[in-house]
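What follows is a set of notes on a single structure, which appears directly below.
Every read-out reported here was derived from the displayed coordinates using simple, explicitly stated rules and does not represent laboratory data. What you are looking at is a predicted structure, and each value in this text was computed from that prediction instead of being measured. Reconstructed Cβ throughout: ideal geometry from the backbone, glycine too, with neighbour counts over all protein chains shown.
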Amino acid sequence: MKLKQCVVIGYGNVGQAVASLISAREDMELYRVIRRDGVYDGNLQRGSDTLIANIELIDIVFMCMTSIGDGALAYDHIVQFAKEGIPVVICEKAALANFYPELKMLGSSIAYSATVGAAGVIIPAIQKYRSDVLSLHLILNGTLNFLWYRMRRGETFEKALACAQFKGYLETSKETDRESIINTEFLDVFRKTILSFNVLETGSYLRCRDLEVPSLSKKEIDKLIHSATHFRPYVEIGLHKTRCMSQFLRTYYSKGWYIHIGFVSVLEIDGSLAHLKDTFNGVGIFTKVGQRIIEIGKGAHVNVTAHTMIRDAERLLSLPRSS
Ligand SMILES: NC(=O)c1ccc[n+]([C@@H]2O[C@H](COP(=O)([O-])OP(=O)(O)OC[C@H]3O[C@@H](n4cnc5c(N)ncnc54)[C@H](OP(=O)(O)O)[C@@H]3O)[C@@H](O)[C@H]2O)c1
């Protein structure tokens, strides 16, 4: 059997976990790793190249770079491979949050269930029901859910944060103060929200870089931590304005659709999502014909993300390759 030749871009937490899963499989082989300082071979020996010479030998690419800025760098990498017909599995969020319409043109050669967490269940659920959606109710950030879940159980913010840091749940950031840490996670929610909105295919697309980035002030963060038992991080996307009475929501509007991102009272969240434990994420889909679909899965976990990417890869590799 010919082994599928895999390329990993970005050898951080997720990139290393994906590389280990590839190496443990009998049908895949790590062919190259693209890092900031150059291209490495499958044994992680540094070559002299900055580009891969024999691109036609590659069967699949795993995009595992840090989500930075508007994702232009990740986007360029993705397009470079996808336009050669090479499938790309993505967990990086900034490219899809800013170049969704362009990436969508690549069709079935990209997969990105790992971008929005919950073990990859949220994106496929939105795709499945999108033509019937009245509103989506989302818990999109495992780290924020973890912190507020722990504080609800009586832990201090500092203790919950130390635990999240130890477990590797935090998005990469140089900043260490409360406000920056929470707002870095809030940016992650923002990217995932805009991506979820675009996946709905409402007829208009949004790009994070065209919108005001939502952030919480120090005063708001202090208040949310002080009343942690009452609040939960929350997103709602719907054809009507939210009924939640929260001062901690940021609202966007696009051609009939309201997008709310922030924190609301736990009493205002649909039951199955209100008490999600640890790093769990989920989506509640309310349809125009009165259906209510709930999908839940673990978020903010490197191994879960890596396994979700491998599942996406299996699916892409089973499709006929576009030339
Ligand atoms: N951690 C999770 O549980 C999780 C879950 C879902 C999605 N994600 C997404 O997965 C991606 C990777 O997360 P991670 O936890 O593995 O992050 P990470 O440990 O910080 O590693 C990301 C890697 O990206 C590369 N990189 C960093 N800055 C770069 C730059 N300026 N230009 C080019 N490459 C750069 C580096 O690779 P080299 O060191 O090889 O140069 C770095 O090791 C992120 O986009 C994140 O949002 C993570």
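Quick notes on this one:
- Cα-based convex hull, region 37-93, per residue volume (Å³, whole number): 94
- Backbone HN-Hα couplings from phi across region 133-140 [Karplus 6.51/-1.76/1.60, Hz, Gly and Pro as x]: 6, 9, 7, 10, 10, 10, 10, 10
- Under the simplified labelling scheme, the residue 303-residue 251 pair shows an inter-label distance of 4.3 nm, with each label point 7 Å from Cα along Cα→Cβ.
- Burial order of peptide ranges 61-71, 111-121 (average beta-carbon count within 10 Å, highest first): 111-121, 61-71
- Residues of region 278-308 with amide N under 18 Å of the 7 Å Cα→Cβ point at residue 258: 284-288
- Efficiency of FRET between residue 72 and residue 218 - r from beta-carbon atoms, R0 22 angstrom, step 0.05: 0.10
- FRET efficiency estimate (nearest 0.05) - Cβ-Cβ, residue 3 to residue 291, R0 45 angstrom: 0.55
- In this structure, the amide hydrogen of residue 234, modeled 1.01 Å from its nitrogen in the peptide plane, lies closer than 5 angstrom to those of 262, 263, 264, counting only residues at least 5 positions away or on a different chain.
- Gyration tensor over alpha-carbon atoms, the chain, equivalent ellipsoid semi-axes in Å: 34, 23, 17
- Spacing of the two label points (7 Å from each Cα toward its C-beta) at residue 243 and residue 153, in nm: 3.1
- With loop membership from DSSP and a limit of 16 other Cβ atoms within 10 Å, the longest segment of the chain without trypsin sites (Lys or Arg not before Pro) is 84-152.
- When +1 charges are put on Lys and Arg Cβ atoms and -1 charges on Asp and Glu Cβ atoms, the dipole computed for the chain relative to its Cα centre reaches about 720 debye.
- The value obtained for region 186-320, namely the Cα convex hull volume divided by the number of residues, is 156 Å³ per residue.
- Debye intensity ratio I(q)/I(0), log10, region 8-59, q values 0.17 Å⁻¹ (C-alpha model): -0.49
- Helix 178-199 axis versus longest C-alpha principal axis of the chain: approximately 70°, rounded to the nearest ten.
- Computed label-point distance, nm, for sites residue 322 and residue 277 using a 7 Å Cα→Cβ extension: 4.2
- For region 274-288 and region 96-110, distance of Cα centres in Å: 26
- For the cross-link pairs 241/288; 159/277; 83/255; 167/277; 4/83; 167/219, the ones whose C-alpha atoms lie over 25 Å apart are 83/255; 167/219.
- FRET E, pair residue 50, residue 108, Förster distance 41 Å, beta-carbon r, rounded to 0.05: 0.90
- Debye-sum result for region 99-215 in log10 I(q)/I(0), which assumes one identical scatterer on each alpha carbon, at q = 0.22 Å⁻¹: -1.29
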